[in-house]
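We did not get these values from a lab; they are worked out from the coordinates using the rules stated. Everything quoted here is computed from the prediction, not taken from an experiment. Cβ coordinates were reconstructed from backbone atoms using ideal geometry, including for glycine residues, and neighbour counts include every protein chain displayed.
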Amino acid sequence: MEASGELRVVLADDHDMFRTALRHLLEENGPVRVVGEAATGEGAVTQVREHAPDVVVMDLSMPGLGGVDATRRIVTDSPHTNVVVLTVSEDAADVVDAIVAGACGYLLKSASIEELISGIRAAASGDALISPGIAGRLLTHVREQAHAPAADPPPGAQLSARELDVLKLVAEGKDNGQIAAVLFISPKTVKNHISNILMKLQITNRIQAAVYAVRRGIV
């Protein structure tokens, strides 16, 4: 992020008119400067290398290298750049693929510009945002696919009782303020707990934490 507080963003989508319209909306409505655009996954990776943006807004369906693979490469090669997926796909498997690849958010193209800017801000700060309509579908899909091997350690064995409380609320889709209110602790304490949870589970964001919680039967 620049000293002015302006977020530097790369847009990756194969529709030129959509990128142009989105660029104008973002720059008119938020502290956003679009520093690069790409029509392919390969182009997105190149733009990130050239401009080191705070956030990439990534479509999933692009020619050549798709959005999921491009996200994986960006997260691996440029750890200071976070990715928000913006797509038409409501398919839970696509959500899981994108999150596992390292995306910090998953929003539908039907989202408002305010929701997208919130998602970009969240990603820039290392947090994660997912469309409310997608969250329930994602967790249902994970529950249907969940089957932990018998040799796995007990669910949540690495986490303290309080961290498990926080993780359960994260999996229910609550933000830090809501978790703080439920547990009668400060939002700063919630943020510290979430940082510890991510570190202990060796994952990168709260969406992955929610998936972990469902797969392990914690919620």
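Of the peptides 176-187, 84-95, the order by per-residue mean of other Cβ atoms within 10 Å, starting with the highest, comes out as 84-95, 176-187. Placing a label point 7 Å from the Cα of Arg33 along the Cα-to-Cβ direction, the residues of segment 39-77 whose backbone N falls under 15 Å of that point are 51-55.
The dipole here belongs to segment 8-145: it is taken about the Cα centre, uses +1 on the Cβ of Lys and Arg and -1 on the Cβ of Asp and Glu, and is about 280 debye. Separation of segment 1-40 and segment 95-119, taken as the distance between their Cα centroids, equals 15 angstrom.
Springs join every pair of Cα atoms under 10 Å in this Gaussian network model of the chain, and among Glu50, Glu172, Glu163 the largest mean-square fluctuation is at Glu50.
Per-residue Karplus couplings for segment 86-102, computed as 6.51 cos²θ - 1.76 cosθ + 1.60 with θ equal to phi - 60°, are listed in order as 10, 8, 8, 6, 9, 5, 4, 5, 5, 4, 4, 4, 5, 5, 4, 5, x Hz, Gly and Pro entered as x. Under a crude label model (7 Å from the Cα following the beta-carbon direction), how far is Thr20 from Thr46 in nanometres? Here the modelled spin labels are 2.1 nm apart. A crude spin-label estimate for the pair Leu65 and Val182, with each label 7 Å from Cα along the Cβ direction, gives 3.8 nm.
Excluding same-chain residues fewer than 8 positions from Lys188, which lysines have a Cα within less than 21 Å of its Cα? Counting by Cα, and skipping residues close in sequence, Lys188 has these lysines nearby: Lys168, Lys174, Lys200.
Computed about its Cα centre, the charge dipole of segment 148-215 is approximately 140 debye, with only Lys, Arg, Asp and Glu carrying charge at their Cβ.
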